[in-house]
Amino acid sequence: MIKFTIKESDFLKENEGCRISTCTSDVPHIAPVTYYFEDGFFYFATDYDTKKYANLKKNNRIAISVDIYSPSQHKAVVVQGSTTFIEKGPQFKRLYEIFYKKFTWVRENPWKEKEAPFVKITPKTKISWGLG
């Protein structure tokens, strides 16, 4: 399992927005998502009718970029990994509670098990910069 430094982990926990990249049939797709980082894994929610879901169903490989680019700072953690879906059960309920408390968009548009899955990202490689 990939180990994140304390500075990388702190950076990943302080942020909530990222870009993910999926691919099928050699056609890449990139999308912004909100995420939750815990114990070296990333989690985000998606709908069943999205390109993200369709791509990950066919090819579970993913890349994720959590970054800040401004005139005063350039920081990033970029990860490549694999995904699994969490659609029901205790892990779904625990993640849903976390997302519900953390993100306004979940409270405004709630869903139930099997209505929209969470995606768990297991990192395989990582690179970071600007985190000294």
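The values are calculated or read from the model by the stated rules, or taken from the named source; none is laboratory data. Every value quoted in this text rests on a predicted model; they were computed, and no experiment measured them. When we count neighbours, we look across all protein chains shown, and the Cβ atoms used for this are built from the backbone with ideal geometry, even at glycine. To get the accessible areas, we keep the full protein, side chains included, count just its heavy atoms, and leave off ligands, DNA and RNA. Shrake-Rupley method; radii C 1.70, N 1.55, O 1.52, S 1.80 Å.
Looking at (1) open to solvent by 70 Å² or more (accessible area, probe 1.4 Å); (2) of a type in the set (A, V, I, L, M, F, W, C); (3) under 15 Å from ALA116 (Cβ atoms), which is the only condition VAL27 fails? Going through the list (1) open to solvent by 70 Å² or more (accessible area, probe 1.4 Å); (2) of a type in the set (A, V, I, L, M, F, W, C); (3) under 15 Å from ALA116 (Cβ atoms), VAL27 breaks only (3).
Considering SER9, SER21, which residue is assigned to a strand (DSSP E or B) and either small (Gly, Ala, Ser) or surrounded by fewer than 15 Cβ atoms within 10 Å (Cβ to Cβ) (or both)? Walk me through how you get there before you give the answer.
Working: SER9 fails: assigned to a strand (DSSP E or B).
Answer to the selection: SER21.
Only a single criterion out of (1) in contact with a Cys (Cβ under 9 Å, 6 or more places away or on another chain); (2) at pLDDT below 95 is not satisfied by ASN55, namely (2).
Taken together, GLU97, GLU87 contain a single residue that is open to solvent by 100 Å² or more (accessible area, probe 1.4 Å) and farther than 18 Å from LYS124 by Cβ, which is GLU97.
A Cβ distance below 7 Å, combined with a sequence gap of six or more or placement on separate chains, defines the contacts here; from the range 84-112, residues that are in a loop (DSSP other than H, G, I, E, B) reach residues that are modelled with pLDDT under 95 and not small (Gly, Ala, Ser) in the pairs GLU87/GLU113; GLU87/LYS114; LYS88/GLU113; LYS88/LYS114. Restricting attention to the range 30-53, the residues that are surrounded by fewer than 14 Cβ atoms within 10 Å (Cβ to Cβ), touching a Phe, Trp or Tyr at 6+ places or on another chain (Cβ under 9 Å) and not charged (D, E, K, R) total 0. Against the conditions (1) without any contact (Cβ under 8 Å) to a residue 60 or more places away in the chain; (2) in contact with a helix residue (DSSP H, G or I) (Cβ under 9 Å, 6 or more places away or on another chain), PHE42 satisfies every one except (1). Kindly provide the set of residues from the range 112-123 that are surrounded by 13 or more Cβ atoms within 10 Å (Cβ to Cβ) and over 14 Å from the mean Cα position of the chain (by Cα), ordered by number. Residues satisfying the conditions are GLU113, ALA116.
Of the residues in the range 58-83, how many are over 22 Å from ASN15 (Cα atoms) and either open to solvent by less than 80 Å² (accessible area, probe 1.4 Å) or free of Cβ contacts under 8 Å to residues at least 24 places away in the same chain (or both)?
2
Among the conditions (1) in contact with a Leu (Cβ under 9 Å, 6 or more places away or on another chain); (2) among the hydrophobic types (A, V, I, L, M, F, W, C); (3) farther than 14 Å from PRO117 by Cβ, the only one that PHE85 does not satisfy is (3).
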